[in-house]
Amino acid sequence: MKIIKTGSYEELSARTADLLAAQITLKPDCLLGLATGSSPIGTYQELVRRHDAGQLDFSRVRTVNLDEYCGLGGDDDQSYRYFMNMHLFSKVNIALEHTQVPNGKAADMEAECSRYDTLLESCGQPDIQLLGIGHDGHIAFNEPADSFPVGTHIVDLEEETVAANARFFKNADDVPKKAITMGIRNIMLAKKIVLIACDEQKRDIVNKALFGPVTPRVPASILQLHADLTVVLHNVL
Ligand code: F6R
């Protein structure tokens, strides 16, 4: 594991963008695994800035996202598809058909899980996977559990996660209670993983995840077993 401690959120975003940009430069048709949430917003802004400066070409890049709220379609401004379009996809020269986010509004969500797993398999291993971490140690929406979930599945979000996500919604009651998420195997298959955290309140959980026992009670702790993990932190260690 490589740990990069940064002095500001801007620096964290720039260092994380460096890692993604290097991947795109080295392999223009790379597969990026992407995350939503507040932590990566600065990283996406930095990638857009570099694209605008003529330093990054997304024309052959493909992406797969980790998760989506159940019940929200891509045109809902709280959906993760909308988030990705707004923060990154609509601002760079990526082809929308090269971007994949689970469909939170599929008529049959179990069938959507199978479809997404099949799609991930056909895409091959992500060259790099960007991750945030939840206050309870979740990665994607793999919440603390008795075992590590394998493939794409539907989860009931923990109260703590619903409460943390309420900041993005007008009414706390509007926060979806279920999500569709990649499983731990899907995530661990990436060739390289970059975990970012910048919230002081995540100090304890980041310590447990990086240095505590590997346990499904702290889903991010599995990352200790990944062969190529970089952790970019601000205000956390
Ligand atoms: C989002 C995701 C989540 C977030 C986590 C942290 O796609 O997979 O695991 O990364 O909830 O969210 P923020 O960055 O908002 O603290």
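Worth pointing out:
- Taken over region 191-213, residues that are hydrophobic (A, V, I, L, M, F, W, C) and either assigned to a strand (DSSP E or B) or open to solvent by 60 Å² or more (accessible area, probe 1.4 Å) (or both) amount to 6.
- Conditions (1) over 16 Å from Gly33 (Cα atoms); (2) assigned to a loop (DSSP other than H, G, I, E, B); number of the one not met by Val155: (2)
- Among the residues making up region 10-29, a single one is more than 26 Å from Ile222 (Cβ to Cβ) and in contact (Cβ under 8 Å) with a residue 60 or more places away in the chain: Glu11.
- In the condition set (1) free of Cβ contacts under 8 Å to residues at least 12 places away in the same chain; (2) more than 14 Å from the ligand (Cβ to nearest atom); (3) of a type in the set (A, V, I, L, M, F, W, C), Ala166 is compliant with all but (2).
- For region 76-126, the set of residues classified as open to solvent by 70 Å² or more (accessible area, probe 1.4 Å) and aliphatic (A, V, I, L, M) consists of Met86, Leu96, Ala107, listed by residue number.
- Residue that is surrounded by the fewest Cβ atoms within 10 Å (Cβ to Cβ) [pool: residues in region 149-163 that are among the charged types (D, E, K, R) and within 13 Å of the ligand (Cβ to nearest atom)]: Glu160
- Of the strands (runs of 3 or more DSSP E) lying entirely inside region 28-144, those containing at least 3 residues that are within 22 Å of Val162 (Cα to Cα), within 16 Å of the ligand (Cβ to nearest atom) and under 18 Å from the mean Cα position of the chain (by Cα) are 67-69.
- Here Asp173 passes the criteria (1) closer than 28 Å to Asp77 by Cβ; (2) buried (at least 19 other Cβ atoms within 10 Å of the Cβ) except the one numbered (2).
The values are calculated or read from the model by the stated rules, or taken from the named source; none is laboratory data. Because the structure is a prediction, the values reported are computed rather than measured. So basically every Cβ, Gly included, is an ideal-geometry build from the backbone, and we count neighbours across all protein chains shown. Each accessible area value is taken on the protein alone, full model and side chains, heavy atoms only, with ligands, DNA and RNA left out. Shrake-Rupley method; radii C 1.70, N 1.55, O 1.52, S 1.80 Å.
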